[in-house]
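Shown next, in structure tokens, is the structure this report addresses.
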Amino acid sequence: MADSFDLLKQFKYLRVVDVCDAMDGIGYFNVGLMSPEIRPLWAGMKFWGVAFTLRCVPANRPMWRLNTTEEIVNAHGIWFKEVGHLRYEEQIRPGHVIVTDTGGAGEVGFWGSANSLSMVARGAVGIVTDGYCRDTAEVVLQKTPICARARGRTIIPGRIHLVEVQTPIGCGGVQVRPGDIVGCDDDGVIVVPIEVAAEVAIHARAILLADMRARRKLYERLGMTPDATVDYETVEAYYQQFK
């Protein structure tokens, strides 16, 4: 795990497409590239982090009728007290990306504006789920980094149950293990197996720098004002520390 967190520095400027191309180059065709249905909830989102995995299954019982407004407000607490709830929050450390396998559960907002923000407060740099996210207007306003398959409205009780943490899971058609490197930008989500992450980072930064140089020449030819996406000098200087 320590090696995974150290490697994050080498992914700082990389795009998902750079990493995808690098993985193709070493023979990892379509390995780690999540389904395009799993998308950032807001434009401009970007993160690289270390996978922390959650495995969920559909609940095998419905939520029972609640009798008072107080009980309805506290529905989650009542549900968790009855069916149990794995606590994992204290295991989250700065640099984690929480990847959630919802086990094919139907519409349920396992992630919402409050619990996702609490993970950010613990140091998580992103959340990825093959299920739903709710409270999405607030998530976008907060710039909470969540990638989800769909937007939902309903809550957890009677719909989904967390059964395991920090175990290999499937999410978006790919295998994700604790310690793998997970990245996101406007093009989607990719998972880099930790065994090849260091090699992938080397190739990916060469791909990025070549693209930045080529685009800088086109900017100059077209009279366009340079921006950060063609500032290859800054990126090249940053990566000198890893040579």
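Throughout, read-outs are computed from the coordinates displayed, never taken from laboratory work. Keep in mind that what you see is a predicted model, and the values were worked out from it rather than measured. Cβ: placed from backbone, ideal geometry, glycine included. Neighbour counts: every protein chain shown.
Number of residues in the range 140-152 that are surrounded by fewer than 24 Cβ atoms within 10 Å (Cβ to Cβ) and among the hydrophobic types (A, V, I, L, M, F, W, C): the value is 3. If only residues of the range 42-77 that are part of a helix (DSSP H, G or I) and under 25 Å from E89 (Cβ atoms) are counted, the one that is nearest to the chain's Cα centre (by Cα) is H76. Need pairs with beta-carbon distance below 8 Å; first residue under 14 Å from V191 (Cβ atoms) and within the range 33-47, second surrounded by fewer than 16 Cβ atoms within 10 Å (Cβ to Cβ); sequence gap 6+ or separate chains. Hits for this filter: M34/G173; S35/G173.
A count restricted to the range 96-155 and to residues that are among the basic types (K, R) and in contact with a helix residue (DSSP H, G or I) (Cβ under 9 Å, 6 or more places away or on another chain) stands at 3. Screening G188, G172, G112 for residues that are within 25 Å of Y13 (Cβ to Cβ), touching a residue at least 12 places away in the same chain (Cβ under 8 Å) and touching a Lys or Arg at 6+ places or on another chain (Cβ under 7 Å) leaves exactly one candidate, G188.
Quick check, is Y13 surrounded by 14 or more Cβ atoms within 10 Å (Cβ to Cβ), assigned to a loop (DSSP other than H, G, I, E, B) and out of contact with any strand residue (DSSP E or B) (no Cβ under 9 Å at 6 or more places or on another chain)? Yes; evaluated as a whole, the condition is true for this residue.
When we screen A124, A150 for residues that are of a type outside the set (F, W, Y) and closer than 28 Å to R61 by Cα, the only hit is A150.
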